[in-house]
Amino acid sequence: MVRLEAPFRVLGWAPLGAGLRRARAIANHQVFEDDRGATDAPRDYLRRLMRRLALDPRATVAMMTGASVRRAVYSAAHRGALAAGAWCTAGCTNALRVGDRATVADTRPGTINLIVAVNEPLSEGAMAEALQLATEARVLAVQEAGVISTRSGKPATGTGTDCIVIAAPIRGQPHPYCGKHTLIGELIGRAALASCMKALKWSLR
């Protein structure tokens, strides 16, 4: 659970809180393959879970994973007052390569979930760029770890159920851009890559 000190702008495709919204907390919840309540209706399941944790589901973004959350890895990068932090859990039983044939009927619980937070505001466009950078970091980490697609046998680019969430403060002057040429883009890339690589090392032991 990543608890935010104030409402943050959050962008991602988590089962609970997908899209662009405001949130006070980001959760990464471990589920098991035989938990039908979680797999059949993930959004409703996560709403109920957040209420049990005394969190407002409307102000919470929540992901699910089959990977061990006890092996979540945190990495940070900073320069001066600007900082980025990244939390990652990784499982590769569901590894796929972009463009592999669809396997909806054979989805396994292993996944790579990544949360990235920065300490200064981002414009909506910069949020999208940050999501791209985090995705590139995950792909690079997966390929450097030598993970192979369970479908095609070629180098994987992730898993079939990966989830990435970007969070940034709301108050203040937003950074208009967040590409690789920018300092904030560099810090996001470094933090995301380090956390993904460390999490993958744990999962592949």
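Things to note:
- Checklist (1) farther than 23 Å from residue 16 by Cα; (2) in contact with a Leu (Cβ under 9 Å, 6 or more places away or on another chain) applied to residue 129, failing item: (1)
- Subset of segment 173-205 that is at pLDDT below 95 and in a loop (DSSP other than H, G, I, E, B) - its residue that is farthest from the chain's Cα centre (by Cα): 205
- If you check 164, 115 for being within 17 Å of residue 69 (Cα to Cα), in contact with a Gly (Cβ under 7 Å, 6 or more places away or on another chain) and touching a residue at least 60 places away in the same chain (Cβ under 8 Å), only one passes: 164.
- Any chance residue 65 is more than 24 Å from residue 120 (Cα to Cα), touching a residue at least 12 places away in the same chain (Cβ under 8 Å) and not acidic (Asp, Glu): yes
- Among all positions in segment 3-13, there is at least one residue which is basic (Lys, Arg) and either within 16 Å of the chain's Cα centre (by Cα) or farther than 30 Å from residue 126 by Cβ (or both).
- Test for residue 166: is it in a helix (DSSP H, G or I), among the β-branched types (Val, Ile, Thr) and within 13 Å of the chain's Cα centre (by Cα): no
- Top-ranked residue in segment 33-46 [being under 19 Å from the mean Cα position of the chain (by Cα) and surrounded by fewer than 17 Cβ atoms within 10 Å (Cβ to Cβ); ranked as farthest from residue 89 (Cα to Cα)]: 43
- In segment 49-159, counting only strands (runs of 3 or more DSSP E) that sit wholly within it, the ones holding 2 or more residues that are at pLDDT 95 or above, in contact with a strand residue (DSSP E or B) (Cβ under 8 Å, 6 or more places away or on another chain) and surrounded by fewer than 20 Cβ atoms within 10 Å (Cβ to Cβ) span 73-79, 82-90.
- Residue in segment 22-32 that is exposed (fewer than 15 other Cβ atoms within 10 Å of the Cβ), among the aromatic types (Phe, Trp, Tyr) and under 20 Å from residue 164 (Cβ atoms) present: no
- Single condition residue 201 does not satisfy, out of (1) within 14 Å of residue 127 (Cα to Cα); (2) surrounded by 14 or more Cβ atoms within 10 Å (Cβ to Cβ); (3) among the charged types (D, E, K, R): (1)
- Total residues in segment 5-21 satisfying the condition of being assigned to a strand (DSSP E or B) and either in contact with a Leu (Cβ under 9 Å, 6 or more places away or on another chain) or surrounded by fewer than 18 Cβ atoms within 10 Å (Cβ to Cβ) (or both): the figure is 11.
- For beta carbons closer than 6 Å, sequence separation of 6+ or different chains, a first residue in segment 34-58 that is among the charged types (D, E, K, R) and a second that is surrounded by 14 or more Cβ atoms within 10 Å (Cβ to Cβ), the qualifying pairs are 43/15; 43/16; 47/57.
- Being surrounded by fewer than 20 Cβ atoms within 10 Å (Cβ to Cβ) and on the phi < 0 side of the Ramachandran plot holds for only one residue in 170, 188, and it is 170.
The values are calculated or read from the model by the stated rules, or taken from the named source; none is laboratory data. Please read all numbers here as calculations on a predicted model, not as lab measurements. Because the Cβ atoms are built from the backbone with ideal geometry, glycine has one as well, and the counts that use them run over all protein chains shown.
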